[in-house]
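Some notes on the structure that comes next.
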Amino acid sequence: MGDNTIGDGTQKQTVPQQTQQHFSASSPIEPLECVNPKKPRYNSSDKWKQAPMAESTQARVAAGSSSDTYSSPPHSPTIIKPEGDQFQHQLRKGKYVSPVWKPNEMLWLARAWRIQYLGGVGVQVQPSRGKTRADKDKEVAEFLNKHGINRDAKTAGTKWDNMLGEFRKVYEWERGEKERVGKSYFRLSPYERKLHRLPASFDEEVFEELAQFMVPRDGRIVGSRALPMPPPVMTTSLLGFDTALDGGLLGLHSSSSSKELRRIGKIRMTWEESVTLWAEEGEHHRGRVKLQCSSFLNADELIFFDDAMVGSTMEAFEDTPLKGFSVDTFVNGQQVKVFGRRKSAQHPFVESSIRSMPPMEFQDPTDFYMACLRVPPTTLPSLFELSWHLQEPPPEDYRFPLRRDVYRDLPPGKEVMFTASSELLDCRAMVYDMLGPMIRTNTSLSAASATGRDSFIGLWDDCINRVVSKFCSVEMVIIRKPSSPSTDQPLQDRWPNVTGFVKNFCLWRGEETDRSREGQLDPSSTIVEKLLWSYMDLPYILGYYAFGYMVTFCALSRSEDRVIMTDLYSVDLSFPSERLKALVPCYRIAGLLPLLADRCLNSVLDMQFPFSDFERINLGNGDIIEMTPNTVTRSFSSKKKWAMVKEIYDMLDQRIPHAEFIYRASEIDSTLVFKPRGCKFKPLNYDQLVEALKYVTKALVALHDLSFMHRDLSWDKVLRRCDGENEWFVTGFDEAVGAPQIYPHPVASTEARGTHAPEMVRGLHGVKVDVWGVGHLVKTCGLTNLPKMLRELQSKCLDQNPDQRPTAADCYHHLLSASSTATY
């Protein structure tokens, strides 16, 4: 766009290429920044007017005009762009604007800033000061130009600011709202993105690239507002390095020293973006950090942890040419956690200095003790013994050892789960991950100041649900639902506030409220009324109900035809000591949940049918099925698919016996509520198989009379009712269409070959594909030594020629006679 010049902006001189190479390669004097010429003023009657250029510059531009991108000569400190480059400017409404950024261009922009955060792109900047934003924008623009993307520094900087703001919104959604809504940002429709005030579009590959370096381990987005530093009056503070640590390093080496340090990269430290690494000549991968004159809040001792969480004292050289630099070396790009101690007269250290402790004494045995405590008991305690069992602390040998100074600072009640270690072992992971969130104080939260139930959710999860999940020996999925004030559905079909699933059985649940209100249902009663006992002879399931700070653990069991609740233990979470005591019942409950799940699975083998009254199934692609005791709610990620499925069921309009139907539909939420609720069970004997097939064939007769076909019969789509009636019914009419069809079925030809009729892959197919499905049900029922009449029915239904198969009515009459004349 302009000349290749040097100077102060008042005079412009053409610099020969040999001179530029001399400046960048051999001269110790760094070349001055080139001055970009002003944009020529736009005239409506004229096109772009080329700025005057020197002869050598014009020659170079003319030589490179045949390509779309322009590259500066090697070792050149500037990049020359043709003034008429159509990739750089576009006319829009009388103004010159940059063209729209393509996804691959944004990806290169993210990579350029990734290199910036990890230590620069190789363009030298004066080492006596940190790089300014203008310097970074300039280097990013040069990086983009080297990869064929013609953008100036101002355009790239503006795009980076906008892209970073959009990334923060998407990242916050993926981190928190995704679990609540159940859909990733990249699976949301444009309408849903607008509804949740999210960016209209953001490339997933660009998001993954930014997430690699914009989100540290603590979850804070780089570039966002920094968290406040801990006050310096505390005995132990989590400290970080100031980004201005590299100041004053030009005068580092003295004339008597033979060693000279140079900057090789950066490492990322807790609370700060990065600090500069300095290394001697010949070293490229490891370097030292300057500790002298650093802003450590006047910390007297510094401890850093490596990847193995082993603490080491960070010391500096004193009487060597490397005075002020750390003795330890670090790898470029490493993330380091640093702790600082400040000696105070009010809080003198009782224990020996950390500096004198050998590294072995800093080992973290948290995993070992967690593995010991996760071993479930050998038997389930009875309901009468359960209250005593929940209050029994673990053996002393299995309590978490803590350093004496940490143990001393804990509130009363710590002895039930912790012990002061005589060997200076410290379960740091336990303290950071579980104990810290539990005992933190929130002075602004009280029963009077709380704005609602949401104010206490963090407290309940940190002190109860997360602890139970951590101590459980098998995977435990906890789902939290908002309170449902709607009255258009029975109370039993509303999800509890908290449900915990172990091996797909809802054996843990909770009901919560901030305080008791007149006219509002009591959590101690709703936790009982929302339960449909479907667990057969299981002695009990576990849960809790909460009124603000007051939490009561309870057991739910069946007595004759009703559910009763037994209170087991209560804690007041307003006191830190009571929060520590809550660890014991949570630990004991976590050990009982796997035993209860195994008891349910053994009941299935004993020909009983326990099932979970609440269930959640993720079908993928954003589609989710949520089951309550009486209904099945299906959520769709696509409005188009929701409308298509609803149209199919509206067309059938409950004209099919023994089939599910739409009970309620919501276009805003893209949900369909079906009835009845069914359970997936295969027949356990010959009589159940014949009974199930009679219900299926009777439904197919009515369906085929309407010239419709199901096209996807399997035992996943044939369910048994859960309301006590021994009725089998057909579900999953998503693929139902009118008959006949002349085009191949895409699902049958790709995903489920062998589970659909063969003519569905070839093309023309009709209602006989459902008859083939009946034969497939007999084949996959799991029973052996079937009667002769069922084997004949299977053979006829699975005939390769559709014309040779019987009709659905023939199958139904065949099953009626098979139940009375069974021959083996």
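The values are calculated or read from the model by the stated rules, or taken from the named source; none is laboratory data. No experiment lies behind these values; they were computed from the predicted model shown. Every residue, glycine as well, gets a Cβ built from its backbone with ideal geometry; the counts of neighbours run over all protein chains shown. The accessibility values were calculated without ligands, DNA or RNA, using every heavy atom of the protein model including side chains. Shrake-Rupley method; radii C 1.70, N 1.55, O 1.52, S 1.80 Å.
Expressed as a whole percent, the accessible area of the range 365-607 that falls on carbon and sulfur atoms is 52 (1.4 Å probe). Distance from the C-alpha centroid of the range 754-824 to that of the range 161-195: 48 Å, rounded to the whole angstrom. Placing +1 on each Lys and Arg Cβ and -1 on each Asp and Glu Cβ, with no other charges, gives the range 618-821 a dipole about its Cα centre of roughly 300 debye. Taken along the Cα-to-beta-carbon direction at a fixed 7 Å, the label points for residue 432 and residue 566 span 4.2 nm. Restricting the range 525-633 to GluC sites (Glu not before Pro) that sit in a DSSP loop and have at most 10 other Cβ atoms within 10 Å of their own Cβ leaves 560. Subtracting the Cα-Cα distance of residue 785 and residue 491 from their residue separation scaled by 0.36 nm leaves 101.3 nm.
Might you tell me the accessible area per residue for the range 618-821, computed with a 1.4 Å probe and given in Å²?
For the range 618-821, the solvent-accessible area averages 46 Å² per residue.
Here the simple spin-label model places points 7 Å from the Cα toward Cβ, and for residue 799 and residue 102 these points are separated by 5.9 nm. The charge dipole of the range 635-734, taken about its Cα centre with unit charges on the Cβ atoms of Lys, Arg (+1), Asp and Glu (-1) only, comes to about 200 debye.
Treating r as the C-beta distance of residue 816 and residue 721 and R0 as 25 Å, the FRET efficiency rounds to 0.70.
Please report the projected area of the range 618-821's Cα convex hull averaged over all directions, in nm².
Over all viewing directions, the range 618-821 projects a mean Cα-hull area of 11.3 nm².
I need the shape label for the range 495-559. Rule: rounded when a/c is under 1.5, else prolate if a/b > b/c, else oblate, with a, b, c from the alpha carbon gyration tensor. Prolate, since a/c reaches 1.5 and a/b exceeds b/c. For residue 743 and residue 529, the FRET efficiency from 1/(1 + (r/R0)^6), where r spans their Cβ atoms and R0 equals 56 Å, is about 0.65. Label the range 468-625 by shape, choosing from rounded, prolate and oblate, from the square roots a ≥ b ≥ c of the eigenvalues of the Cα gyration tensor; if a/c is under 1.5 it is rounded, and otherwise prolate applies when a/b is larger than b/c, oblate when it is not. Rounded shape, in that the Cα axes give a/c under 1.5. How would the range 365-607 be classified by its alpha-carbon gyration tensor: rounded, prolate or oblate, with rounded meaning a/c under 1.5 and the a/b versus b/c comparison settling the rest? Cα axes put the range 365-607 in the oblate bin.
Per-residue Karplus couplings for the range 139-151, computed as 6.51 cos²θ - 1.76 cosθ + 1.60 with θ equal to phi - 60°, are listed in order as 5, 5, 4, 5, 4, 5, 5, 5, 9, x, 10, 8, 9 Hz, Gly and Pro entered as x. Counting heavy atoms of the protein chains alone, residue 550 has an accessible area of about 80 Å² for a 1.4 Å probe.
Between residue 619 and residue 317, take the C-beta separation as r, use R0 = 60 Å, and let me know the FRET efficiency to the nearest 0.05.
On the way: r = 61 Å, r/R0 = 1.02.
For R0 = 60 Å, the calculated efficiency reads 0.45.
When each of the peptides 474-482, 323-331 is scored by how many other beta carbons lie within 10 Å of its residues on average, the order from highest to lowest is 323-331, 474-482.
Among 712-721, 589-598, 157-166, how do they line up from the highest to the lowest mean number of other beta-carbon atoms within 10 Å?
Top of the packing list down: 589-598, 712-721, 157-166.
Extending 7 Å from the Cα toward the beta-carbon at both residue 211 and residue 755 defines two label points whose distance is 2.9 nm.
Highest mean first, how do 385-393, 690-698 rank when packing is the count of other Cβ atoms within 10 Å averaged over residues? Mind showing how you got there, number by number?
On the way: 385-393: 15.4, 690-698: 21.9.
Going by the mean number of other Cβ atoms within 10 Å, highest first, we get 690-698, 385-393.
Taking the Cα centre of the range 686-777 as reference, the dipole from Cβ charges on Lys and Arg (+1) and Asp and Glu (-1) amounts to some 280 debye.
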